[in-house]
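Notes for the one structure printed next.
The values are calculated or read from the model by the stated rules, or taken from the named source; none is laboratory data. The model shown is predicted, which means the values in this text are computed figures rather than measured ones. Backbone-built Cβ (ideal geometry, glycine too); neighbour counts: all protein chains shown.
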Ligand code: SAH
Ligand code: SF4
Ligand code: F3S
């Protein structure tokens with residue numbers, strides 16, 4: 001029996017790609033093991049979004065340098081970006097495959113199995129999406145479904161169009177079949193994935209757009225929660241808010257990356273929207289009948305970002321009052337348009353801006369979370385924290401709500417259940433509460 005080990009870096013797309021790679025390997029008779037030492041095949045599914053992420057990959061490759069007799073593979077975004085250069089930087093690597101070539105993974109494995117030691121899958125002109133008859137999902141309640149791969153935008157800072165190629169949507173039939181199959185085996189939460197889900201276009205004659213697909217997935221019998229990520233503000237239509245209003249299973253939560261609060265910086269980033277256009281979408285979301293939580297991504301220190309631009313981003317946080325944010329220091333990336341703009345904002349200044357941003361957001365989150373004390377929230381129970389004796393739940397708004405139950409219960413009685421929990425305390429990053437129902 002051949003064994004493999006896989007380590008995954010990066011976004012949910014990568015996490016889900018790994019689930020599909022694992023399924024593909026298991027179908028070919030490989031068994032997954034939990035440490036590289038035990039494995040015949042060691043895979044790193046990599047991320048290249050910022051320099052640090054890429055450095056981590058080469059560090060891990062270096063740590064596995066003396067792994068004699070093993071096949072070492074680099075998958076994902078660093079594989080696509082660096083291509084055959086990886087063989088020079090880390091000569092012990094045998095397999096380099098970008099995500100656009102995963103539909104050919106089977107053939108590439110055949111080459112490895114017959115003893116080839118420099119195997120690559122680096123073509124980016126694929127029209128295929130990566131669909132496998134078997135995907136190995138670890139979480140028995142929440143499942144990812146890819147609806148669109150690649151990205152046709154060209155944000156000036158971003159490597160993704162170079163690492164994942166152009167946009168390819170799956171047919172609505174194949175997405176719906178997967179959703180139904182998942183519901184039939186007990187999954188109740190689905191997360192639709194794509195770098196830009198809003199530009200989903202059903203390639204079949206049905207021709208659905210994203211809002212139609214979203215609503216249809218939300219109507220599958222047995223599905224109680226549907227989330228989606230990521231939305232690009234430019235393509236985010238009012239029809240998505242209308243779909244959320246109409247369909248209870250669509251979660252009260254939208255991630256809408258803004259990147260900057262300054263129209264000037266947004267133009268330099270080639271984001272294709274102004275601050276006002278972004279705010280119009282926020283108004284649609286705030287005007288919903290549902291109470292939709294909002295989150296975003298922000299980059300500080302993009303070339304040319306002045307103190308005034310940065311203040312506009314801080315001001316945007318006050319105006320929107322996000323429920324959570326992901327914030328990053330600008331990191332110059334290979335091939336991207338912004339490389340020609342230089343990287344003149346010193347590291348310490350980027351750090352200062354990041355800290356200010358995060359402190360402001362922390363205060364906003366404390367305020368927003370505190371407003372929920374006394375309310376009842378439905379949670380999906382995801383785990384148990386034995387050190388605190390609390391169950392870990394997640395609300396429709398994607399907040400973590402840790403709670404104590406009315407009586408001691410077994411994990412299998414609780415995990416995967418939907419329960420009403422009364423919120424008793426709030427912190428910046430989570431809520432705490434009590435569930436009165438004896439399961
Ligand atoms: N497709 C998604 C984002 C993918 S990357 C979207 O369009 O929003 C996730 C986040 O990483 C981005 O939203 C951005 O905030 C951040 N990011 C991307 N490239 C970056 C870079 N070069 N430096 C710093 N942060 C970056
Ligand atoms: Fe990158 Fe922009 Fe595409 Fe998002 S939309 S993946 S930030 S290029
Ligand atoms: Fe990273 Fe690639 Fe995702 S660069 S964030 S793993 S698309």
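Could we say that residue 211 is farther than 25 Å from residue 26 by Cβ, more than 15 Å from ligand 3 (Cβ to nearest atom) and crowded, with 16+ Cβ neighbours inside 10 Å here?
So residue 211 passes the test.
Scan the stretch 57-73 for residues that are under 14 Å from residue 3 (Cβ atoms) and either at pLDDT below 95 or not assigned by TED's automatic domain parsing to the domain that holds residue 44 (or both) and jot them down.
Across the stretch 57-73, the qualifying residues are 67, 69, 70.
Looking at 174, 126 in this structure, which one is in the same structural domain as residue 219 (by TED's automatic domain parsing), under 18 Å from residue 103 (Cβ atoms) and more than 11 Å from ligand 1 (Cβ to nearest atom)?
174
Restrict the check to the stretch 176-192 and report whether at least one residue is crowded, with 18+ Cβ neighbours inside 10 Å, part of a loop (DSSP other than H, G, I, E, B) and more than 20 Å from the chain's Cα centre (by Cα).
Among the residues of the stretch 176-192, not one is crowded, with 18+ Cβ neighbours inside 10 Å, part of a loop (DSSP other than H, G, I, E, B) and more than 20 Å from the chain's Cα centre (by Cα), which makes the answer no.
Do we find that residue 151 is within 17 Å of the chain's Cα centre (by Cα) and without any contact (Cβ under 8 Å) to a residue 60 or more places away in the chain in this structure?
Yes, satisfied.
In this structure, does residue 76 turn out to be surrounded by 13 or more Cβ atoms within 10 Å (Cβ to Cβ), within 16 Å of ligand 2 (Cβ to nearest atom) and under 25 Å from the mean Cα position of the chain (by Cα)?
yes
When you scan the stretch 300-311, how many residues do you find that are under 17 Å from residue 275 (Cβ atoms) and buried (at least 21 other Cβ atoms within 10 Å of the Cβ)?
4
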